[in-house]
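Derivation of every value follows stated rules applied to the coordinates shown; laboratory data play no part. Being a predicted model, the structure only gives us computed values, none of them experimental. We place every Cβ from the backbone using ideal geometry, glycine too, and count neighbours over all the protein chains shown.
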């Protein structure tokens with residue numbers, strides 16, 4: 001009897017949970033607040049909701065400092081650029097992985113493809129470490145607690161220019177091509193690289 005009552009209560013509880021929220025309500029974002037001032041409402045980009053006209057963006061933060069706003073801005077922008085570079089590096093490596101999987105023939109040895117992936121990831125890391133060009137400060141916001149939040153991003157043009165820069169460096173990387181000993185495989189790799197330029 002107790003088991004039946006418990007199961008009935010659970011079913012009613014689950015039914016109540018399911019009926020209290022529509023799909024539209026479930027899709028809405030929770031209100032955004034400042035991490036350093038959780039009771040104050042913040043712009044959506046502080047909660048990683050990126051503006052649609054940016055191809056990539058990252059939020060940076062600097063706590064309130066006696067050194068002043070110019071130092072805080074440098075700290076926050078640098079924080080955002082580090083995060084943007086890491087995001088860009090991951091994005092480009094994933095794009096290359098997809099491109100190589102769809103372009104490189106299955107007759108190529110798996111070990112060769114893995115070596116090429118590793119080499120490409122190193123090339124991407126080197127290019128990103130040297131320079132991620134044309135990222136810029138989009139907007140900044142001081143929180144009620146005095147911390148500075150900034151959004152640094154790239155539009156689609158700047159993003160693609162950076163992808164092309166990685167592809168150019170990868171194309172010049174001899175070890176990327178030397179992994180393959182057949183003309184067909186080298187052609188497949190070339191197709192994979194070129195497909196990234198048009199994304």
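Laid out as a table, the results:
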quantity: Per-pair calculated FRET efficiency, R0 = 30 Å: residue 47 and residue 98 via Cβ, rounded to 0.05; calculated: 0.60
quantity: Computed lengthening from residue 122 to residue 173, 0.36 nm per intervening residue step minus Cα-Cα distance; calculated: 17.3 nm
quantity: Fraction in percent of alpha-carbon pairs per bin - 5 Å, the stretch 31-197; calculated: 1, 9, 16, 17, 14, 11, 9, 8, 6, 5, 3, 1, 0
quantity: Mean Cβ count within 10 Å, highest first, over the residues of peptides 66-73, 33-40, 160-167; calculated: 160-167, 33-40, 66-73
quantity: Computed E for residue 114/residue 78 - FRET, C-beta separation, R0 35 angstrom, nearest 0.05; calculated: 0.55
quantity: Simple label model, 7 Å out from Cα along Cβ direction - residue 65 to residue 32, nm; calculated: 2.4
quantity: Cβ-based exposure ranking for 157, 121, in which fewest neighbours within 10 Å come first; calculated: 157, 121
